[in-house]
Amino acid sequence: MNETNEPSKTIAAPLGNEKTGQTIFISAGEVSGDKHAGRLVGRLGEILPNTRFEGLGGPSMAENGCDLLENLVDRSAMLTHAVGQIGFYWKLKKRIKAHFKANKPDLVIVVDSPAWNFHVAKIAKRMGIPVLFYVAPQLWAWGRWRAGKLRRLASHVACILPFEEQWFRERNIPATYVGHPLFDDFSTVPAEASSDPKHFPTVALLPGSRKHEIEKLWLPMQIIARGIQMKYGNARFLTAASDTSYAELLRETADPVLGIEVRHTSLEAVTRHADLALIASGTATLEVAAQHCPMIVMYQVGLFQWYVLGKLLLKTKFISLVNILAQKELVPEIVPLGTRVLAVRDLAIGLLDDPEKLAKMREELAEMVKPVVRPGATDHVADIAKKLLVASKANSNG
């Protein structure tokens, strides 16, 4: 895969009518979805060599041979950040309808980003195109009323969490657990101690990979780190940045007294020998859990959003994926963080003062991730896509 920052190939107008073999249209709206989709395009290209790939996504999809109708990764947004882009997405829906009429694909695969991809799936199904959902919408957490909508739109759902397959099948939605794409190429080296005993504790500060997450959590995490440093004079602090721009942002806003090592590397590399991680709630908690690294999960959200909207809509007892999978509070989760920064500082110090508790957390994390950390998610999804194409052609010929 090309690792340069060359701009992805974007097609501004509907493609021509000439087709060779079959066409798969893929839609991914954010960086993580683009990476999963890019890997899938590469695998499908190997097992279906005469297939043309086109869609909505980002550089990973383009680098693997997908012609982009629009680069959505640059426009990825969260919650209120997306309000200003309503006009763009309304026009994009019209473009997709026109594109499908002129160049009807044989299969549509939508990857994560359900708020947008439900629209893509609806357009496809109205035109009789089979739709594969890759990364199941988390309707079990909130939005259960949308199960009927998913049942109407999805030809199949590829689930990345072990319990999801049964949840969807109980609601008559065809689903298969494929594993998590994070672990297709993953090195699990359980950490038993700090990489350098002279620097106990080694603490990973992981505020997230989006700018607004960093803005909300990076400073509170450093306040907590200062408290740890006051208790443990030899404490070492590390963080991982998903790209060079985020690495620079973290460096510019890092407290020089803490001497934080900002590494442009993977989360597993940073947490492999960490004694504790302070981490934003999200998929990253699974990556850290796969290294059996104890953690405190936190997230900063407005009190109105949390107590009025969050509590009303949320249907799970826990917020973090680690605790949801464990079905208990395996790791502390502080959501919303609010004014509880000093309380989290004391909690972190209490954990570091208790080696037996840290060791137990490592053991429970190792047990929890066993069914999740398995390679082959991309291969499983590719097999499902192939079967949907075969079934679609059989129905057409029938």
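Nothing in this text is a laboratory measurement; each read-out follows from the coordinates by a stated rule. Just so you know, these numbers come straight off a predicted model, no measurement behind them. A quick note on method: Cβ atoms are made from the backbone with ideal geometry, for glycine too, and the neighbour counts reach across all protein chains shown.
In the neighborhood of Phe183, defined by Cβ-to-Cβ distances under 11 Å, what is the net charge if each Lys or Arg adds +1 and each Asp or Glu adds -1? List each step's numbers first, then the result.
Values: positive: Arg374; negative: Asp184, Asp185, Glu268, Glu287.
Here the count lands on -3.
Length gain on complete extension for the stretch Arg226 to His199, per 0.36 nm per residue less the alpha carbon to alpha carbon distance?
Working: separation 27, 0.36 × 27 = 9.72 nm, distance 1.49 nm.
8.2 nm is the gain from fully extending Arg226 to His199.
Quick one: angle between helix 211-231 and the longest Cα principal axis of the chain, in degrees between 0 and 90, rounded to 10, please.
20 degrees
Anything over 27 Å Cα to Cα? Flag those among Lys94/Lys387; Lys216/Lys317; Lys101/Lys393, in the order listed. Walk me through the numbers on the way to the answer.
Details: Lys94/Lys387 29 Å; Lys216/Lys317 24 Å; Lys101/Lys393 18 Å.
In this structure, Lys94/Lys387 lie more than 27 Å apart at Cα.
So for Ser242, Ser155, Ser27, fewest C-beta neighbours within 10 Å to most, what's the order?
Values: Ser242 17, Ser155 20, Ser27 28.
With the fewest neighbours first, Ser242, Ser155, Ser27 line up as Ser242, Ser155, Ser27.
Find out how many positive minus negative residues lie around Val73, taking Lys and Arg as positive, Asp and Glu as negative, among other residues whose Cβ is under 9 Å from that of Val73. Each step should come with its number before you reach the end.
Numbers: positive: Arg75; negative: Glu30, Asp34, Asp74.
Taking every other residue near Val73 into account, the sum is -2.
Cβ under 12 Å from Lys231's Cβ, Lys231 left aside: what net charge do those residues give with Lys, Arg +1 and Asp, Glu -1? Please list the in-between numbers first.
Values: positive: Arg226, Arg345; negative: Asp346, Asp353.
Net local charge, Lys231 excluded: 0.
Apply 1/(1 + (r/R0)^6) to the Cβ-Cβ distance of Arg251 and Gln166, taking R0 = 41 Å, and write down the FRET efficiency to the nearest 0.05.
Values: r = 45 Å, r/R0 = 1.10.
Rounded to the nearest 0.05, the efficiency is 0.35.
Rounded to a whole number, what is D in µm²/s for the chain from Stokes-Einstein with the Kirkwood radius over alpha-carbon pairs (20 °C, 1.002 mPa s)?
Numbers: Rh = 22.4 Å.
So the translational diffusion coefficient is about 96 µm²/s.
Could you work out how much longer the chain between Ala391 and Lys91 gets when fully extended? Use 0.36 nm per residue separation minus the Cα distance between them, nm to one decimal.
Gain on stretching Ala391 to Lys91: 104.8 nm.
If you rank His156, His212 by fewest surrounding Cβ atoms within 10 Å, what's the result?
Numbers: His156 21, His212 14.
Ordered by Cβ neighbours within 10 Å, fewest first: His212, His156.
Mind ordering 34-42, 331-339 by average Cβ neighbours within 10 Å, highest first?
Details: 34-42: 26.0, 331-339: 17.9.
Ranking the peptides 34-42, 331-339 by packing returns 34-42, 331-339.
For the chain, what is the mean residue ellipticity at 222 nm derived from helices alone (per DSSP H run of n ≥ 4: -39500 (n - 2.57); sum divided by total residues; nearest 500 deg cm²/dmol)? Mind showing how you got there, number by number?
Numbers: 14 runs with 160 residues, N = 398.
My calculation for the chain gives -12500 deg cm²/dmol from helical runs alone.
Rounded, prolate or oblate: which fits region 197-369, taking a ≥ b ≥ c as square roots of the Cα gyration tensor eigenvalues, rounded meaning a/c under 1.5, else prolate when a/b beats b/c? Spell out each step's value before the answer.
Numbers: a/c = 1.44, a/b = 1.15, b/c = 1.25.
Note, shape of region 197-369 comes out rounded.
Which listed residue (Leu267, Thr283, Leu347) has the Cα farthest towards the positive end of the charge dipole for region 197-369, taking +1 on Lys and Arg C-beta and -1 on Asp and Glu C-beta about the Cα centre?
Leu347
Mind putting a number on the dipole of region 197-369 about its Cα centre? Charges go on the C-beta only, +1 for Lys and Arg and -1 for Asp and Glu, and I need it in Debye to the nearest 20.
Working: 19 positive and 19 negative charges, 61 e Å.
Here region 197-369 has a charge dipole of around 300 debye.
Per 10 Å bin from zero, what fraction in whole % of the C-alpha pairs of region 215-255 is there, up to the bin with the longest pair?
Taking all Cα pairs of region 215-255, the binned fractions are 26, 52, 20, 1 percent.
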